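Reviewing the structure listed below.
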Amino acid sequence: MSLIHRLYPLLRPLLFQLDAETAHEWTVKLLKMGHALGMLEGADSDAGPARPPIKVLGLEFPNVVGLAAGMDKSAAAVDAWGALGFGFVEVGTLTPRPQPGNPTPRLFRLIEKEAIINRMGFNNPGIQAAVARLERRQGTGIVGVNIGKNFDTPNENAVDDYVTCLRAAYPVADYIAVNISSPNTKGLRDLQAEEPIRRLVGTLKEEQQRLAARHGDKKPLLVKIAPDLDSTQIDSLARVFTEQQLDGVIATNTTISREAVAGHRLADETGGLSGAPLTTRSTEVISALRAALPASMPIIGVGGILTADHAQAKLDAGAALVQVYTGLVYRGPALVRDIAKLAVPGKN
Ligand SMILES: Cc1cc2nc3c(=O)[nH]c(=O)nc-3n(C[C@H](O)[C@H](O)[C@H](O)COP(=O)(O)O)c2cc1C
């Protein structure tokens, strides 16, 4: 077993003594340091012998498990996450201009529920700063860049923010994820309604074509959706995605539902809920999407994966790849190792 897998059970209680945001900052710092000192060596080979890559989105993934957006918003430690065993890393959400996000406290652990509530509000250094970091990185692992709009950009002008970010990220990203599903930016999720999403995806697909011609390389464009959509809304999104020949869908973001944590002392904190309470719902959304989308359009499944079995359920529901965030906080890097061992799903 690699050093990091042995250390995590000792580290976790120390990190859980700190408030959630400080623990998060320390985790990223320690990870970077550990990587620089070679302490992550062997973490990825713990997943077993190297296997043939998984072809999805025209890319070759070393395994099915990626780091979900929000953990490394500023692309601070991309290569270190790769060394930890992730097959791909999604940085962001990044906005055109830097912004501080919401006032603290804005991140809460519901430990008994293996859940997190966050209302970070896209705190990020701005797309240019993250792109500059990605340009300087040494590694070659797959990186998705997740893009959003600034909190003070009205929804009528949201398309401009996404186009700005798409252009900036295009040369350094392996894929681009369009985030219209965070509950912490006022009105953002309204972009999931049929007309706004048609306009947004239509404009971004046109821009993608122009950029592909200019750079001689087509980078896939995905949209990340919320779990709080009914079947009519899922079908209408699927119709637009199919019409516009979107390259893929990421399902799901955090939920605004509190049903699964009712009565918990932190349940009434505003924000998006992630982790165990989301496991079943996000898998249901993946199944519904899979039924409504053409088989050629891959889904990245995310939401409440705390075990390799949870990841397998998402693959069985039709996801081609998965991502984790909250599971990493509660279960540590062994979760990544265990998911990376899973057999590759069918084609896509
Ligand atoms: C603290 C925190 C911050 C997040 N920030 C973002 C973000 O900036 N952009 C985004 O698309 N998703 C963000 N997410 C959502 C995750 O990427 C993921 O979709 C969600 O948490 C469900 O997965 P999980 O249960 O494995 O955490 C965030 C989640 C958490 C817990």
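The values are calculated or read from the model by the stated rules, or taken from the named source; none is laboratory data. Please read all numbers here as calculations on a predicted model, not as lab measurements. Heads up, the Cβs are rebuilt from the backbone with ideal geometry, glycines too, and the neighbour counts pull from every protein chain shown. Keep in mind that these areas ignore ligands, DNA and RNA; they rest on the heavy atoms of the full protein, side chains included. Shrake-Rupley method; radii C 1.70, N 1.55, O 1.52, S 1.80 Å.
Among the residues examined, residue 329 does not qualify as part of a helix (DSSP H, G or I), among the aliphatic types (A, V, I, L, M) and either open to solvent by less than 10 Å² (accessible area, probe 1.4 Å) or away from the ligand (no atom under 16 Å from the Cβ) (or both).
Scanning the range 28-38 for residues that are open to solvent by 50 Å² or more (accessible area, probe 1.4 Å) and not small (Gly, Ala, Ser) turns up 29, 30, 32, 33, 35, 37. Residues of the range 174-191 that are open to solvent by 20 Å² or more (accessible area, probe 1.4 Å), modelled with pLDDT under 90 and within 13 Å of the ligand (Cβ to nearest atom): 184, 189.
Any residue that is within 12 Å of the ligand (Cβ to nearest atom) and open to solvent by 20 Å² or more (accessible area, probe 1.4 Å) - is there at least one of those in the range 307-324? So far as the range 307-324 goes, yes, one or more of its residues are within 12 Å of the ligand (Cβ to nearest atom) and open to solvent by 20 Å² or more (accessible area, probe 1.4 Å). If I filter the range 5-23 down to residues being open to solvent by 50 Å² or more (accessible area, probe 1.4 Å) and in a helix (DSSP H, G or I), which single residue comes out as farthest from residue 266 (Cα to Cα)? Here the residue is 6. The test for being crowded, with 21+ Cβ neighbours inside 10 Å and in contact with a His (Cβ under 7 Å, 6 or more places away or on another chain) does not hold for residue 130. Scanning the range 84-114 for residues that are open to solvent by 10 Å² or more (accessible area, probe 1.4 Å), under 22 Å from residue 148 (Cβ atoms) and of a type in the set (A, V, I, L, M) gives a single hit, 107. Taking the criterion of being of a type in the set (Lys, Arg) and outside any strand (DSSP E or B), the residues of the range 101-147 that qualify are 106, 113, 119, 133, 136, 137. With respect to the stated conditions, residue 198 is away from the ligand (no atom under 16 Å from the Cβ), open to solvent by less than 80 Å² (accessible area, probe 1.4 Å), of a type in the set (D, E, K, R) and in a helix (DSSP H, G or I).
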